[in-house]
Amino acid sequence: MIKFLKLFNFSFLIFISFFSDSKTITIYPSADPYTEIQEALILANPGDIVHISEGFYKLEDSLSIDIDNLTLQGDGINKTILSFKNQMSGAQGLSVISDGVTLQDFAVEDAKGDAIKVKGVHGISFIRVRTEWTNGPDELNGAYGLYPVESKNVLIDSCVAIGASDAGIYVGQSENIIVKNSRAEFNVAGIEIENSYYADVFNNHAENNTGGILVFDLPDIPQQGGHHVRVFRNKSINNNTDNFAPEGNIVGEVPRGTGIIIQANSHVEIFENDIGGNDTVNIAIVTYGYETEDENYYPHPRAIQIHNNRFTKSGNNPDLETGELAKILYELSDKNMPDIFWDGILPMKQIIFGQPDNEKLILGDNGSATFLTINPIKYMLPIFNPVERDYDNYRGTITPLPEVKFSD
Amino acid sequence: MLCLLFFSYLDSSVYVKEDLIYQDKPPKKLSEYGFFQDMNNQKPSDGVLPYDLISPLFSDYADKLRFIYIPENEIATYKPNKVFDFPNGTALIKTFAYLNNYQNSNISKQLLETRLLIKKNNEWVNVSYVWNDEQNEAFLSIAGKTISTKFVNEFGDLIDVRYRVPNINQCKECHISNKKITPIGPKARNLNRDFEYFNGRMNQLTKWHNQGWIVDEINEKNMVDWSDKSSSLDAKARSYLDINCAHCHIEGGSADTSGLYLDYTENRKINLGIFKKPVATGRASNNLSYSIVPGEPKKSILLFRMESLDPGIMMPESGRALQHKEAIELINEWIKNL
């Protein structure tokens, strides 16, 4: 009997501590929703849930989270709406700077700057979150929808990003990234992985952006040399919205009608995607096109593998107004735009002595996809035609990249 | 002798309650700490020294009354070009107010908020108090507050302002460095000048030394007052950018993602923004290509963002609802002459 009591007491304690460890604070629509939500986000304990019930919340200031392992939860992507249409101060809709936060089942609309910025955290999950500028594409919209940066272990699952004047889903200077089951529409860039290490981007739908999916690396910022990015089983189709990015931004160079662009980066594997209906080109692999004095920066793409994608027709109406890419390609291809384009630009040493095998572009089976690259030596000697279209020259054995795993 | 007695009598009336500094939960009322003998007149208690900075942060033309308390027999360690390493129990106390004390002002002073940075367990903690309408007490604030008010500027103009008391998280946006809260102002280079104490004028660092708070020899290049006509344009501009921008725009700061670093000691041109392309700037680029184009202030994103009042564009991101006109002129001149 005594034994039984002891056991009982013990499990009772566990029961108590289980519930006292994490509590749920529920917010309902009220006259001053900003103060209610922000106070809840500040006074919560690690592990707590702040639940914002269904409703349209008009907020004048930006919200922020600095409590580890907090969950901010709404009642649904179209039910709990945080509207920043009348925002008076704060550069984001919502910002997060603490580790292990989960954001789920709500929407951030019409933020004056970025919709949700997450900086410098270990662990962040966006689950069924929508960010949207409700007036459609406009250069006055905020730059990024979902914007984790300088973070580790980033999960974006079943989210929606609409109308960003830079990228709908943007992961920058981060490590261990999963972006899946999400939809990006009417952004300049649908999904962008920039200056990041180990990213899996899959089962997403990018449509009606200027460019569908971008894997970029830029100089002069703290983390660079992006590598190990897998883009697979996505749909990147009909990305034919005119570029509405404000000039000066790198995505302002993306021509309307681009499926996927890889700029700089190493070890990128693009496979089993459906790519088509893009007015300029389905896939472009390019070098960073500006001069930089950053000695640590490597501007050329390396070890890129493209295989088992399904292409439908692209390049029917290339954007000759934006950037150089489409214009050059249009002229070189004699108006016969390829599915896959590599600019062929290499460091001088490699132009002369050849590219190391482990850095070469490898094309696997891609159905009837067409290919075009530029031979840099012939390009410099105008008597030759520098255009090479022989797909088979780049055929090789695919070495699959490892799946992304979150680390401790 | 009489004078001494008088002061010791006054001093004993209110004293700092150190146990409240160490307490987990901050008190509801600012007066409880005992930092002030006279709350409304912001007269500090014994052991609390007023100070000011050579180059202060702009906060919508608010006046700032700064005070520091360091527990007895404790010292602050000098860190070259950094904030002093203050001992546990230190309180940095800053009251934001519109004093409206220009000659032709016909409205009375308004105390807005008092922010505390308190050091305990080797970490800084931030707490804010918002002043009541009676102006005799300030109450703990969690989510911040919007105060729509008016103030009189030095030209006698009545200015409307939507003054925003930041919430606890927003305080951190500026006060965070490598994930730790840190003060911004009290660096030796920003304190090294005279202050009018109640018992006479004295260099602030000398005063702190006499107080027994600092013992190290200090050797670094002073900041300059950005409004001081006798200083060089470059020193003024760099001092202004340092105190107004570099708490975020520094390696390890909130804006380090951009690679734009504006601290006083930065000397890499690209990191200072010269011909630096924007990274995640969005519409705040205003269709311009570089942070700073030497000789071309109108083509420089940095100046554009200082001028803007749009929350999605303006810099700093928080703490400003008005243009700092004099600083815009300064930075305009500086870029023109780069």
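Every number in this text was worked out from the coordinates using simple rules, so none of it is lab data. On a predicted model such as this, the values are computed, not experimentally measured, just so you know. Positions of Cβ are generated from backbone atoms using ideal geometry, with glycine treated the same way; all protein chains shown enter the neighbour counts.
Highest-first packing order for the peptide set A:228-238, A:295-305 is A:228-238, A:295-305, based on the mean count of other beta carbon atoms within 10 Å.
Each of A:Arg130, B:Arg162 has some number of other Cβ atoms within 10 Å of its Cβ, and from fewest to most they run B:Arg162, A:Arg130.
Tell me the Kirkwood hydrodynamic radius of the protein assembly as shown in angstroms, computed as one over the mean inverse distance between distinct C-alpha pairs. Walk me through the intermediate numbers first.
Details: mean 1/r = 0.0356 Å⁻¹.
After inverting the mean inverse Cα-Cα distance, the result is 28.1 Å.
Once the C-beta distance of B:Asn106 and B:Ser31 is scaled by a Förster radius of 25 Å, the resulting FRET efficiency is 0.30 to the nearest 0.05. The mean number of partner chain beta-carbon atoms within 10 angstrom of a residue's beta-carbon across peptide A:197-208 is 0.
Over all residues in B:159-167, what is the mean tally of Cβ atoms on other chains that come within 10 Å of each residue's Cβ? Before the final figure, lay out the partial values.
Working: counts 0, 0, 0, 3, 0, 5, 0, 4, 12.
The per-residue average across the peptide is 3.
Taking the Cα centre of chain B as origin, work out the dipole magnitude from +1 charges on Lys and Arg Cβ and -1 charges on Asp and Glu Cβ, in debye rounded to 20.
The calculation lands at about 960 debye.
Helix content alone sets the calculated 222 nm mean residue ellipticity of the protein assembly as shown: runs of n ≥ 4 DSSP H residues at -39500 (n - 2.57) each, divided across all residues, give -4500 deg cm²/dmol.
Counted residue by residue at 0.36 nm each, then reduced by the alpha carbon distance between them, the extension gain from B:Met202 to B:Arg66 reaches 47.3 nm.
Put simply, the amide H of A:Val201, placed in the peptide plane, has neighbours under 5 Å in A:Val179, A:Arg230, A:Val231, A:Phe232, leaving out anything fewer than 5 places away on its chain.
Multiplying the residue separation of A:Glu54 and A:Thr287 by 0.36 nm and subtracting their alpha-carbon distance yields 79.2 nm.
Tell me, rounded to the nearest percent, the portion of alpha carbon pairs in the range A:309-408 spaced more than 18 Å apart. Summing the P(r) of the range A:309-408 above 18 Å gives 58 percent of all pairs.
Note on A:Asp68 and A:Asn385: with the Förster distance fixed at 51 Å, the Cβ-Cβ geometry gives a FRET efficiency of about 0.25.
At a Förster radius of 60 Å, what calculated FRET efficiency corresponds to the Cβ-Cβ distance of B:Ser148 and B:Asn210, to the nearest 0.05? Present the calculation step by step, with values, prior to reporting the outcome.
Numbers: r = 44 Å, r/R0 = 0.73.
Working from the Cβ atoms, E equals 0.85.
Of the three principal axes defined by the Cα atoms of chain B, the extents in descending order read 65, 46, 41 Å. Each part reduced to its alpha carbon centroid, the range B:214-264 and the range B:131-197 end up 19 Å apart.
Give the residues of the range B:253-268 whose amide nitrogen is closer than 20 Å to a point set 7 Å from the Cα of B:Ser308 in the direction of its Cβ. From the range B:253-268, the list is B:254-262. Footprinting exposure proxy ranking of A:Phe56, A:Phe126, fewest other C-beta atoms within 10 angstrom first, gives A:Phe56, A:Phe126. The relative contact order of chain B, computed from alpha carbon pairs under 8 Å that lie at least 6 residues apart in sequence, is 13 percent.
Across the range A:258-390, the relative contact order, built from alpha-carbon pairs under 8 Å that are at least six residues apart, equals 26 percent. Over the C-alpha trace of the range B:63-174, radius of gyration and Dmax come out as 16.5, 48 angstrom. In terms of the mean number of neighbouring beta-carbon atoms within 10 Å, the peptides A:395-401, A:84-90, B:206-212, B:196-202 order highest first as A:84-90, B:206-212, A:395-401, B:196-202. The orientation-averaged projection of the convex hull spanning the C-alpha atoms of chain A amounts to 23.7 square nanometres.
How long are the three semi-axes of the equivalent ellipsoid of the range B:15-210, in whole Å, if each is the root of 5 times an eigenvalue of the C-alpha gyration tensor, listed from largest down? Walk me through the intermediate numbers first.
Details: eigenvalues 133, 82, 59 Å².
For the range B:15-210, the ellipsoid semi-axes come out as 26, 20, 17 Å.
Going by how many other beta carbons lie within 10 Å of each one, how would you line up A:Ile275, B:Ile159, B:Ile331, fewest first? The partial results should precede the final answer.
On the way: A:Ile275 30, B:Ile159 14, B:Ile331 23.
The most exposed by this proxy come first: B:Ile159, B:Ile331, A:Ile275.
What number comes out for the charge environment of A:Thr131, summing +1 per Lys or Arg and -1 per Asp or Glu over other residues with Cβ under 15 Å away? The answer is -4.
In chain A, Cα pairs under 8 Å separated by at least six residues give a relative contact order of 8 percent.
A dipole drawn for the protein assembly as shown from +1 and -1 charges on Cβ atoms has a positive end, and of A:Met88, A:Asn366, A:Pro33 the residue lying farthest that way is A:Pro33.
Amide H contacts for B:Asn203 (H built 1.01 Å from N in the peptide plane; partners 5 or more residues away or on another chain; cut-off under 5 Å): B:Phe195.
Maximal additional length on extending the A:Lys23-A:Asp274 stretch stands at 86.0 nm, based on 0.36 nm per residue less the C-alpha distance.
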